[in-house]
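Colleague: Quick one: the structure is below, questions incoming.
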Protein chains: 4
Amino acid sequence: MKIRVAVVGATGIAGQQVLAGLDNHPTFEVAALAASERSAGKSYADAIVDRESGIKRWYVAGTDPAPAVMALPVQDAKSLELEGIDLVFAAVESDAARELEPIYARRVPTISTARPHRMEPDVPLLIPGVNLDHLALVNEQKRRRGWQGFIATLPNCTATGMAVTLKALDLRLGIDAVMVTTMQGISGAGRDLPALDIVENIIPYIPREEERVRIETPKILGRLGEGAIIQPSIKISATCTRAGVIAGHTEAVTVALKQPASTDDVIAAFESFGTEFTGLRLPTSPRHMITVHRDPMRPQPRLDRDAEDGMTTSVGRIRPDEVLPNGIKYLLVTHNTAMGAGKGAVLLAEYLAHAGYLRA
Amino acid sequence: MKIRVAVVGATGIAGQQVLAGLDNHPTFEVAALAASERSAGKSYADAIVDRESGIKRWYVAGTDPAPAVMALPVQDAKSLELEGIDLVFAAVESDAARELEPIYARRVPTISTARPHRMEPDVPLLIPGVNLDHLALVNEQKRRRGWQGFIATLPNCTATGMAVTLKALDLRLGIDAVMVTTMQGISGAGRDLPALDIVENIIPYIPREEERVRIETPKILGRLGEGAIIQPSIKISATCTRAGVIAGHTEAVTVALKQPASTDDVIAAFESFGTEFTGLRLPTSPRHMITVHRDPMRPQPRLDRDAEDGMTTSVGRIRPDEVLPNGIKYLLVTHNTAMGAGKGAVLLAEYLAHAGYLRA
Amino acid sequence: MKIRVAVVGATGIAGQQVLAGLDNHPTFEVAALAASERSAGKSYADAIVDRESGIKRWYVAGTDPAPAVMALPVQDAKSLELEGIDLVFAAVESDAARELEPIYARRVPTISTARPHRMEPDVPLLIPGVNLDHLALVNEQKRRRGWQGFIATLPNCTATGMAVTLKALDLRLGIDAVMVTTMQGISGAGRDLPALDIVENIIPYIPREEERVRIETPKILGRLGEGAIIQPSIKISATCTRAGVIAGHTEAVTVALKQPASTDDVIAAFESFGTEFTGLRLPTSPRHMITVHRDPMRPQPRLDRDAEDGMTTSVGRIRPDEVLPNGIKYLLVTHNTAMGAGKGAVLLAEYLAHAGYLRA
Amino acid sequence: MKIRVAVVGATGIAGQQVLAGLDNHPTFEVAALAASERSAGKSYADAIVDRESGIKRWYVAGTDPAPAVMALPVQDAKSLELEGIDLVFAAVESDAARELEPIYARRVPTISTARPHRMEPDVPLLIPGVNLDHLALVNEQKRRRGWQGFIATLPNCTATGMAVTLKALDLRLGIDAVMVTTMQGISGAGRDLPALDIVENIIPYIPREEERVRIETPKILGRLGEGAIIQPSIKISATCTRAGVIAGHTEAVTVALKQPASTDDVIAAFESFGTEFTGLRLPTSPRHMITVHRDPMRPQPRLDRDAEDGMTTSVGRIRPDEVLPNGIKYLLVTHNTAMGAGKGAVLLAEYLAHAGYLRA
């Protein structure tokens, strides 16, 4: 029997990515959908397709909502029926997340793609294949809060791609400081950007994004201590820009390592990273956490974002840096709405199931 | 009587930008045109317009070649008649520049937009308003080489925009190190990029570009010594990428200053920079060498590249850096084919005329 | 003494285009601004610039609001003080236009860029240089309605560019039918399109646009009868799509003429069109109503939209059609937010002043 | 045992699309590769990857050349060894095709994506699922020319998408005239377009494209007569433009039918078309020749080009036309480099195998 999941925020872009990730899933079954009051009471089909005009609001290119999902009723997220639900995917905006996620998590394990609870001491901030040992925090969380379920959060999509590579470096070589300049795609949070702003242009600022990278990265890279994550003292500088790219964040990263390392050392650190996790062969898992390109013209967001179904982080142009001590630099492409959002949430759920955190 | 100039490489994109910059010029008159053997003997109109199809190869959007220029004969660059020419603009590819520029410079002052002679010790590498004191090198050059004319070069367009801001900082606060990630437009050298590569994409590598930034920047920022430029010991790290932007290079710059400085100190350094030069009110001069934006959404290449006719460097998002010692960071937009190429060459020529270097 | 104008909808994109068109105007002085209640009471500067963030909502690239305009108070459009105002530019959304324009027009001549009143029998639908004889309708309008002022409307921007060329053909050769497929830029009404929709894409439908072209074109081409426009019986078929182009509508037009005509006849009709009007040399007037390209690669929106400051209609690829009787076809580029909106409104105002319709 | 094929033009974009279509193919095995003299003698890996820089020239996004293909030697196309080859895919430029294809076809069945032989009376011009009955022409061709093999050609990619829909209409309702305006993607033949031309732009002309549509469409829609295709007398008018879209041609089509038809009649004609062919379930076949959209915002090239792996033609906005007699109009999206090129060639090959034309 499949694990029964509810997807909250099902009409939004993040929720739809989760739904796309759950399509035909071997382990999970979409048993309930929820959204804002406005959609409540409609079938999912009615909630996303305007009858009269025929216009459909489905944002995941190349897929369609599963027929079984189209027929499900959409519940009001504030009164979601949790009976018989084994896991909640909460893919809603910050304000809603702040209010709703604790309601769900009191009873059911809840995976959140939103910001509000990420930095709470007893809430893990997880990237599958990177810091799943932090998951043990949820036991502390349940104990402290007296909850039957828990909240497990996923990081900001920009932080995600970079953290995958930083973890690989930190394990082998140690990290002192990181500088990153991003050129981010417009899917995900950039969706609301007016077209007129981004065509043939670069937008030099994404509100709150640099702060997220600075705050979340150390928690991801931290060490599990007594009921909290002990964050390393890494200096982080971020400049986040938006480019006219549909999906895929490109990030130019410079790292000050704790010890001298050659380009080959760095490649070895990247290519050997995460094999234990990928060896689990979870359904949504990449085959390689990191894919290293030797062609200096790669990675490119349009060509590489979909590698391994958007779940690997593509890295290229690895070379010494001229400024930072023990400095190396590289570019990476990460798929912001795959590993960095809905599919990352599904992969985390697969690990939760694998590791016995669901139906416990 | 106007100063008579020859434009070599007149059918190419850089030469056409020079021609656009010379249109209706109060001081200069286009007296001769030259290009490769293939165009030699034709009128300029015939050289750039295919008679049968009507297709015109003129690359400077928003302008047309002046009728007087259209009627001029195109000479073979290898045998350009220099009699009666006061100044040569050489806007040709590297191989041609290496061979041709010394031929012209033996007799006539020659402004070059190309790479080959930039780093020769007695050749100045000039940005108007930044390091025009280096121009004195040409006296040494003429003496050493026994030439009547000289070569004065302009830097790589990516180096140009950054060097304007670095010079402003160096004058007031001193510079120890610079890190830059660029998102460059496709005009200029990117023109040959196949369309399929850049639409909805970022290209992570531009051959030779990072090297040019690293090598040329210290010479631009150097101090005029005895017959050579004394380069400061500044560490420079560059990552140069191409974005789907027509014109305008966006550069995310982080600088380690020699002393602590507030954001206001940096703004003051930028806003006070270059007033002596802009006060000359040369025809092609910007009114401000640097334009500082307070709106965090600026500068944007599409909105700001044409500010002050593409001759000012637009800067924004000035803020402290978290990694470099005395670090500050900002983004800039520079017009790669205006200040960074043809119009920069015309502005340099205006200064040469002003300072008495022509018809001396 | 200059003519005193009010601009309503001053914070919106259409109103800002009017303001840009009025900058430093020799005849008009911006004496009042109005917008929705939300902006009322603020200075214009405060209404468009967010103090805290510094973010400015000004949509006309390459210009800045005039300092005198920045200092003006923004009035509530519903209670705009009309005392001392000689002309109102109403640049507001349909619902607001329906309600507000009659209030203004009761007392003051009012130029409208909006849809609601365009098709009323006694309201002229005007393109400067095309059908200004229709302006006489306003006398009938004033008489019937007992108003001191009147409403004069401008057409939909897509209809505008095509109608300029159709009028030229109709005058010389007669028109029976028109088929057009458009590839429209995203400025103007496309501004609200989410970025994610249009990057690297074509949107095959623009709500209401095809209908506007079909309904408005015959009125523009009509003949002034007794207190109304007598519309010709021209069949019109339109397919309107949106392309990833910032500004400029490209339109592929096929026309069934009333008589056989060669390509040269058509070129002659285009090039001779409107010289009486352009001969008035009104400040915002194009020098040529229509610019004919022989280069088959033209017109292109990026290269040609700004020709003659966006006020000429650029036409190319004129050739016989294989399907329609007496068919000819061509492509045109028209600047949707210049001649097709704010600057067209200013040009109309210039003609109103010239022809004695203001302060009458 | 698999059918052994040779791919000529293997380093070019069309050849690579064929190779991608043959990857892991159940029926075909890539037994030989050929290209121009320059690549001859190298392994395929060496021919497409620059050793020193690591830069790889592989144009099919989302795929990689199969390892077995990478190891194959590249032969000189002029001396391709045909022994043991059952089928040649010739994916080369026009000049090469004119010379080479007859050499191959003398001995081996040859599928050509190129132009030169398409209009020869005894050479079929085939779209799988549309006019495969024309294939019988090859018997006449072999007889007349005394060849063991034959040439079978595929049409121009723009003609392909439209012809699929026209055939569906012609079968049920009859066609008198067709007018089409295209907005074409830049992959395929647009690949060489300089980036600077197409970003944020529309190019109004594609050399020879409109002529191909006009000439090839009637042959595709024709009836197999005695040793030749009898072409119907359909009037065709085409305007072909290039848009900043990576792949997928969008075409706005208006058709004069031979009889009145409602929108529902047209939808029925489209949805019932080609089921006999798709029922064969050939490996590369679409499930539906035509996919009809009810959402007026579809089809869009970015969202719909990859439907059914790029092999279906997506149609939308079906509605009556106001100008043509019995006129209906619609927009379609066809994948120019899938059904319209390499994968279409593979699908044709699959049918050749199915119908017994190989190894005869």
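Colleague: Evaluate the range B:336-346: report whether one residue or more is within 29 Å of D:Glu200 (Cβ to Cβ), crowded, with 24+ Cβ neighbours inside 10 Å and within 14 Å of chain A (Cβ to nearest Cβ).
Modeller: Yes, some residue in the range B:336-346 is within 29 Å of D:Glu200 (Cβ to Cβ), crowded, with 24+ Cβ neighbours inside 10 Å and within 14 Å of chain A (Cβ to nearest Cβ).
Okay, residues lined up against (1) within 29 Å of D:Val255 (Cβ to Cβ); (2) crowded, with 24+ Cβ neighbours inside 10 Å; (3) at pLDDT 95 or above:
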residue: C:Trp147; (1), (2), (3): no, no, yes
residue: C:Ile175; (1), (2), (3): yes, no, yes
residue: C:Val178; (1), (2), (3): yes, yes, yes
residue: C:Gly185; (1), (2), (3): yes, yes, yes
residue: C:Ala189; (1), (2), (3): no, no, no
residue: C:Leu196; (1), (2), (3): no, no, no
residue: C:Glu211; (1), (2), (3): yes, no, yes
residue: C:Thr217; (1), (2), (3): yes, yes, yes
residue: C:Ile220; (1), (2), (3): yes, yes, yes
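Colleague: Can you go through A:Arg98, A:Arg107, A:Arg143 and tell me which one is under 27 Å from A:Pro218 (Cβ atoms) and over 21 Å from the mean Cα position of the chain (by Cα)? Talk me through it step by step, then tell me what you get.
Modeller: On the way: A:Arg98 fails: over 21 Å from the mean Cα position of the chain (by Cα); A:Arg107 fails: under 27 Å from A:Pro218 (Cβ atoms).
The match here is A:Arg143.
For (1) under 17 Å from D:Gly342 (Cα atoms); (2) assigned by TED's automatic domain parsing to the domain that holds D:Leu22, each residue gets a yes or a no:
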| site | (1), (2) |
| --- | --- |
| D:Leu100 | no, yes |
| D:Asn131 | no, yes |
| D:Gly185 | yes, no |
| D:Asp192 | no, no |
| D:Leu196 | no, no |
| D:Glu200 | no, no |
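Colleague: Still on this structure, I have one more. Being in contact with a helix residue (DSSP H, G or I) (Cβ under 7 Å, 6 or more places away or on another chain) and in contact (Cβ under 8 Å) with a residue 12 or more places away in the chain is true for just one of A:Ala307, A:Ala353, A:Ala349, A:Ala345. Which residue is that?
Modeller: On the way: A:Ala307 fails: in contact with a helix residue (DSSP H, G or I) (Cβ under 7 Å, 6 or more places away or on another chain); A:Ala353 fails: in contact with a helix residue (DSSP H, G or I) (Cβ under 7 Å, 6 or more places away or on another chain); A:Ala349 fails: in contact with a helix residue (DSSP H, G or I) (Cβ under 7 Å, 6 or more places away or on another chain).
Among A:Ala307, A:Ala353, A:Ala349, A:Ala345, only A:Ala345 is in contact with a helix residue (DSSP H, G or I) (Cβ under 7 Å, 6 or more places away or on another chain) and in contact (Cβ under 8 Å) with a residue 12 or more places away in the chain.
Colleague: Take the range C:299-317 and flag every residue that is surrounded by fewer than 24 Cβ atoms within 10 Å (Cβ to Cβ) and within 14 Å of chain D (Cβ to nearest Cβ).
Modeller: Answer for the range C:299-317, where residues must be surrounded by fewer than 24 Cβ atoms within 10 Å (Cβ to Cβ) and within 14 Å of chain D (Cβ to nearest Cβ): C:Leu303, C:Asp306, C:Gly316, C:Arg317.
Colleague: Can you report the number of residues in the range C:263-297 which are among the hydroxyl-bearing types (Ser, Thr, Tyr) and touching a strand residue (DSSP E or B) at 6+ places or on another chain (Cβ under 8 Å)?
Modeller: 2
Colleague: Next up: May I ask you to verify whether A:Phe277 is more than 14 Å from chain B (Cβ to nearest Cβ) and either farther than 29 Å from A:Gly12 by Cβ or modelled with pLDDT under 95 (or both)?
Modeller: no
Colleague: Among the residues of the range A:255-274, is there at least one that is buried (at least 20 other Cβ atoms within 10 Å of the Cβ), at the interface with chain B (Cβ under 9 Å from one of its Cβ atoms) and either under 14 Å from A:Leu166 (Cα atoms) or not charged (D, E, K, R) (or both)?
Modeller: The answer is yes; a qualifying residue exists.
Colleague: For a quick check of your reading: which strands (runs of 3 or more DSSP E) sit entirely within the range D:90-205 and have at least 1 residues that are more than 14 Å from chain C (Cβ to nearest Cβ), hydrophobic (A, V, I, L, M, F, W, C) and over 30 Å from B:Arg242 (Cα atoms)?
Modeller: The strands (runs of 3 or more DSSP E) meeting that bar are D:110-112, D:151-153.
Colleague: Considering (1) within 14 Å of another protein chain (Cβ to nearest Cβ); (2) aliphatic (A, V, I, L, M); (3) under 18 Å from the mean Cα position of the chain (by Cα), say which one B:Leu324 fails and leave the rest.
Modeller: Every condition holds for B:Leu324 apart from (3).
Colleague: Next question. Does the range A:106-113 contain at least one residue that is outside the structural domain of A:Leu324 (by TED's automatic domain parsing) and touching a Pro at 6+ places or on another chain (Cβ under 9 Å)?
Modeller: Yes, the conditions are met somewhere in the range A:106-113.
Colleague: To continue, here is another question. If you scan the range B:261-316, which residues turn out to be among the hydroxyl-bearing types (Ser, Thr, Tyr) and under 20 Å from B:Gln184 (Cα atoms)? Outline the logic, then answer.
Modeller: Within the range B:261-316, the first condition is being among the hydroxyl-bearing types (Ser, Thr, Tyr), and the residues that meet it are B:262-263, B:272, B:275, B:278, B:284-285, B:291, B:312-314.
B:Thr291, B:Thr312, B:Thr313, B:Ser314 - these are the residues of the range B:261-316 that are among the hydroxyl-bearing types (Ser, Thr, Tyr) and under 20 Å from B:Gln184 (Cα atoms).
Colleague: Then there's this: Could you tell me whether any residue of the range D:55-67 is touching a residue at least 12 places away in the same chain (Cβ under 8 Å), among the charged types (D, E, K, R) and more than 25 Å from D:Thr153 (Cβ to Cβ)?
Modeller: Yes - at least one qualifying residue is present in the range D:55-67.
Colleague: Restricting to the range A:235-248, give me the number of residues that are crowded, with 21+ Cβ neighbours inside 10 Å, within 16 Å of A:Met162 (Cβ to Cβ) and not polar (S, T, N, Q).
Modeller: 4
Colleague: Since D:Ile230 meets every condition but one in (1) surrounded by fewer than 15 Cβ atoms within 10 Å (Cβ to Cβ); (2) among the hydrophobic types (A, V, I, L, M, F, W, C); (3) within 14 Å of chain C (Cβ to nearest Cβ), which condition does it not meet?
Modeller: Of everything listed in (1) surrounded by fewer than 15 Cβ atoms within 10 Å (Cβ to Cβ); (2) among the hydrophobic types (A, V, I, L, M, F, W, C); (3) within 14 Å of chain C (Cβ to nearest Cβ), D:Ile230 misses just condition (3).
Colleague: So is C:Arg208 among the basic types (Lys, Arg), closer than 30 Å to D:Ile246 by Cα and either within 11 Å of chain D (Cβ to nearest Cβ) or free of Cβ contacts under 8 Å to residues at least 60 places away in the same chain (or both) or not?
Modeller: yes
Colleague: Going through the range B:275-287 one residue at a time, which ones are surrounded by fewer than 21 Cβ atoms within 10 Å (Cβ to Cβ) and touching a Gly at 6+ places or on another chain (Cβ under 8 Å)?
Modeller: The answer is B:Phe277, B:Thr278.
Colleague: Among the residues in the range C:34-41, are any within 24 Å of C:Arg359 (Cα to Cα) and of a type outside the set (Phe, Trp, Tyr)?
Modeller: Taking every residue of the range C:34-41 in turn, at least one turns out to be within 24 Å of C:Arg359 (Cα to Cα) and of a type outside the set (Phe, Trp, Tyr).
Colleague: Given (1) within 13 Å of chain A (Cβ to nearest Cβ); (2) without any contact (Cβ under 8 Å) to a residue 60 or more places away in the chain; (3) of a type outside the set (Lys, Arg); (4) closer than 22 Å to C:Gly54 by Cβ, identify the lone condition not met by B:Thr250.
Modeller: Every condition holds for B:Thr250 apart from (2).
Colleague: Buried (at least 16 other Cβ atoms within 10 Å of the Cβ), in the same structural domain as A:Pro109 (by TED's automatic domain parsing) and in contact (Cβ under 8 Å) with a residue 60 or more places away in the chain, is that true of A:Leu80? Outline the logic, then answer.
Modeller: Values: buried (at least 16 other Cβ atoms within 10 Å of the Cβ): yes; in the same structural domain as A:Pro109 (by TED's automatic domain parsing): yes; in contact (Cβ under 8 Å) with a residue 60 or more places away in the chain: yes.
Considered against the rule, which asks whether it is buried (at least 16 other Cβ atoms within 10 Å of the Cβ), in the same structural domain as A:Pro109 (by TED's automatic domain parsing) and in contact (Cβ under 8 Å) with a residue 60 or more places away in the chain, A:Leu80 comes out as yes.
Colleague: Separate question: Please note which helices (runs of 4 or more DSSP H) are completely contained in the range D:1-76 and include at least 2 residues that are buried (at least 23 other Cβ atoms within 10 Å of the Cβ) and away from chain A (no Cβ under 14 Å). Walk me through how you get there before you give the answer.
Modeller: Working: elements: D:13-22, D:44-48, D:67-71.
In the range D:1-76, the matching helices (runs of 4 or more DSSP H) lie at D:13-22.
The values are calculated or read from the model by the stated rules, or taken from the named source; none is laboratory data. As the structure is a prediction and not an experimental result, all values here were calculated from the model. For neighbour counting, all protein chains shown are included, and Cβ atoms are generated from backbone atoms with ideal geometry for every residue, glycine included.
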